[in-house]
Structures are given as structure tokens and as C-alpha cells.
Amino acid sequence: MYRTNIGRRKYLFDLVVIGGLGHLGLPLGLAFAHKGLKVCLCDLDSKKAGLLKKGKMPFIEYGTEKILRNVLKKKNLKISLEMNSVSKAKYVIIAIGTPVDEYLNPRINNFIKIISRIKKYLHKDQAIIVCSTVYPGTCKQILKVLGEDEEWSIAYCPERTVQGYAIKELSELPNIVAGMTDKALEEACDLFSVISRKIIKTSIEEAELIKLFSNAWRYIKFAVTNQFYMIAENLGVDYKRVRKFMVEEYGRAITLPSAGFAAGPCLLKDTMQLAAFNNNNFFLGHAAMMINEGLPNFIVEKLRRKYDLSKIRVGILGMTFKADIDDIRESLSYKLGKILKFYGAKVLYSDEFVKDSTFIPKEKLIENSDVVIIAVLHSVYKRLRIPNKIEVINLWDHNFKTETE
């Protein structure tokens, strides 16, 4: 055994992460292993497991490659495809998401089914910590599945990091910690104090809303700036200049983000979870969804007023859901491409981080396009020079140089 007595049992690991090879579970597990804890990452993805065992990250998460090799060398990290690994750690961290269905309602049953599957491997002296974003009341549902008449230790610690920079932010941001009992709260605080600079203790209900409110707030902010962008465009005014002058040395407006696609697996989903929880009485959230999800349509309509789309070639630069990562989940670039194709345009795709045989290099895309849309502002795109004969649609706060400049 690696560890001595923890609670009433001897455990092989300090903690096991269910969903440990995902964008939430993997950085979290690496952070704990880097601090010297014995960590088991439990998942069903054999392809990712194979990469990790070779010391290779399956996706971009800056600052993790060196940590991964180090913890593997020290034997602080194990990757398991067996669900019974859940029984071998004092702390059980659940890092699986709550997807939404085709009607944008949360599929909480999927989450609860996984709890039911692992129930036979759990012990009452273990600490169960949910780190995923969950529908309000999910922790109480977990307790019902495990048995309300028994003394289960259940805590909720919602992740707060942005994708690509989780390792850095886990040590910098305060961590929200809530427990269904005082014992659960203290156990979760003991664990997260290993990697967190500050612990903020809340109730379960507060923690669940903190996470959903945070993502909904960000999503609404993006909707505000995207609506401003569309209004300015309809007036023939450069929104980038408007925003620049609006925020310059004016603190009341400084938090206004630049316009751009607001996508990814969390912002829309969590906004809709909040709406579903409040009986669809979240008009601001629904309005934000209509604006942000409607931005690709706005761009296409703008082009349709100027061109016969069936006679032009449109290049889309950037297919991920945010800059400088390789995650395409819920990316609006694909929606943009589908709408353009519906109206007959020939669409070319390029991305610096996504491996897709149908994509072409950015230089070739620019060379063969009549219109170029900067859908995601990867850092490398900021150095591009685009011929002035090509129309560039660029929502972001960066002006591209033409070949004549």
C-alpha cells in the first residue's frame, strides 16, 4: 500500500477521479498528483489512456506535459479503465458533465445512472466530491441513490477554471467548497487545500448556483457585446473602434468583452440548465442564446446582401470553440460553415490545432478564398497578411495588415 490508514480502511490511492481523462478530470488529477498525492484516473477512453501512459496529453492543456511525465515517473499517477478502481481511494472525485437534450433540458438521469453503477464499489468512510457543473439539487439526488438513511459524505466543489489553463488557475483561484454535512465539508476542504490558495465555504445550494450564475453571466456579457456589434454593423460603423473608445480610461465600461463567437461545452449549456431549473423563466438567458447562436446567421446574411454566395469561395479560419486550444465541442464555426453551404457557397476550413483531413493550411485558404472569416483568433493569425482584394470579416479586437501595408 502507498498510504497508511485513512479513515477506517487502507487505500491504494488518496483519490480516484471518475471521468479522469476528460478536460475537467485530467488537469485536476494532475494537480493533486503534482503535489505528491497518489491519484487514479478512472475512465472508459482507452485511446486517451494509451497516450497518457506514454506521457502524452490527449488535448491541449498548457503546462501539463512536464507535470504528466514527472508524476508518471514518481508513480503518483495511475490510469485505470476498470470501474472497481473507485473502491481503492479515500476520496472519490466525480468529474463527469451533465449534457442537455435536443430541447436544451439537462439530462440529469445520465449523471444519476453513473452514480448507480459505481454504488457497489463505494464505502461509507469514503468522501465523494462532485466537481462537475450540475443541475441544482443533483447532490441531493446522489444521496437518495446511495441511501438517505446512511451516513454518506458528499461534497460539491464546482470547477472554475478555463480550458487550456486549468493547472495554472487551480493554484491561483479561490475554490468553492460545500458539503452536505459538516464532516463532508471538512474532508473536502482538507483535500482541496492541497492545491488551492484559498477555500470559500458555502452551502450546497449556494455552490450549485455560483457555478451556473458564473457561466450564465459570462454568456450574457458576450451576448451584450455581440448585440452591440450587430447594431453597429447595421449602421455601417466599425464596432472595434466604438468599443475601443468606449472603454478607454473609463472603468465603468472596461469589462465589456470584444465581440466574437461565444461557444464551447459550458456557457450555453449552463445558461439553459439555469433556465430549466427556473421553469424556463429566464428571459435574459434565452435572449442571450438567441443573440450568440444567431451570430453566424447574421454574418451570412451580411454576405448575402453583397454577394451571390453560390459564386464565391468563403474561407473560415479557426474551427475550435476558443483561441489556442484544440477542442471543437459546440464550436459555432461549424454552424457558420453549414449555413454558408446551404446558400451554395464553397467553404474552405483551416485550423492550427485541429487534425482534420478536410482542412487546408491557412496560407492556401487565403490564396483560394474571396472572403475570409476569422471565426477564432488563434495567436498565429495575428501575424497574417491578407491581400486587400479579399474581404475579411473579423469580429475580434485585432486589425489585419494587408499586403499593401
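Any read-out appearing in this document is the output of simple, stated calculations on the displayed coordinates, not a laboratory observation. Everything numeric in this text was worked out from a predicted model, so none of it was measured. Glycine gets a Cβ as well: all are built from the backbone with ideal geometry, and neighbour counts include every protein chain shown.
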**Prompt:** Pick from D125, D324, D238: which residue has the top mean-square fluctuation in a GNM of the chain where Cα pairs under 10 Å get a spring?
**Reply:** D238
**Request:** Using the structure shown, list the pairs from K47/K221; K168/K302; K53/K355; K183/K211 with a Cα-Cα distance above 29 Å, or answer none.
**Result:** K47/K221; K168/K302
**Asked** Which residues' amide hydrogens lie under 5 Å from the amide hydrogen of K346, considering only partners 5 or more residues apart or on another chain, with H built in the peptide plane?
**Response** I312, V314
**Prompt:** Which of T320, T225 comes first, and how do the rest follow, when ranked by fewest Cβ neighbours within 10 Å?
**Reply:** T225, T320
**From phi via Karplus (6.51, -1.76, 1.60), per-residue ³J(HN,Hα) for region 261-273 in Hz, x at Gly/Pro** = 5, 9, 9, x, x, 10, 4, 5, 4, 5, 5, 6, 4
**Prompt:** So for region 13-202, what are the equivalent ellipsoid semi-axes in whole Å, largest first, each being the square root of 5 times an eigenvalue of the Cα gyration tensor?
**Reply:** 24, 18, 17
**Gain on full stretching of the segment that runs from K341 to I210 - 0.36 nm per residue minus C-alpha separation** = 43.2 nm
**Request:** Along Cα→Cβ, 7 Å out, is where each label goes; now give me the distance between the ones at K389 and D356 in nm to one decimal.
**Result:** 2.8 nm
**Request:** Express in nm, to one decimal, how much length is gained between K124 and I195 on full extension, taking 0.36 nm for each residue of separation and deducting their alpha carbon distance.
**Result:** 23.1 nm
**Item:** Within region 133-213, GluC sites (Glu not before Pro) in DSSP loop having at most 15 other beta-carbon neighbours inside 10 Å
**Value:** E148, E150, E151
**Asked** For K66, which aspartates and glutamates qualify as cross-link partners when the Cα separation must be under 20 Å and same-chain residues fewer than eight apart are set aside?
**Response** E169, E172, D324, D326
**Asked** GNM, the chain, Cα, under 10 Å: largest mean-square fluctuation among N215, N84, N234?
**Response** N234
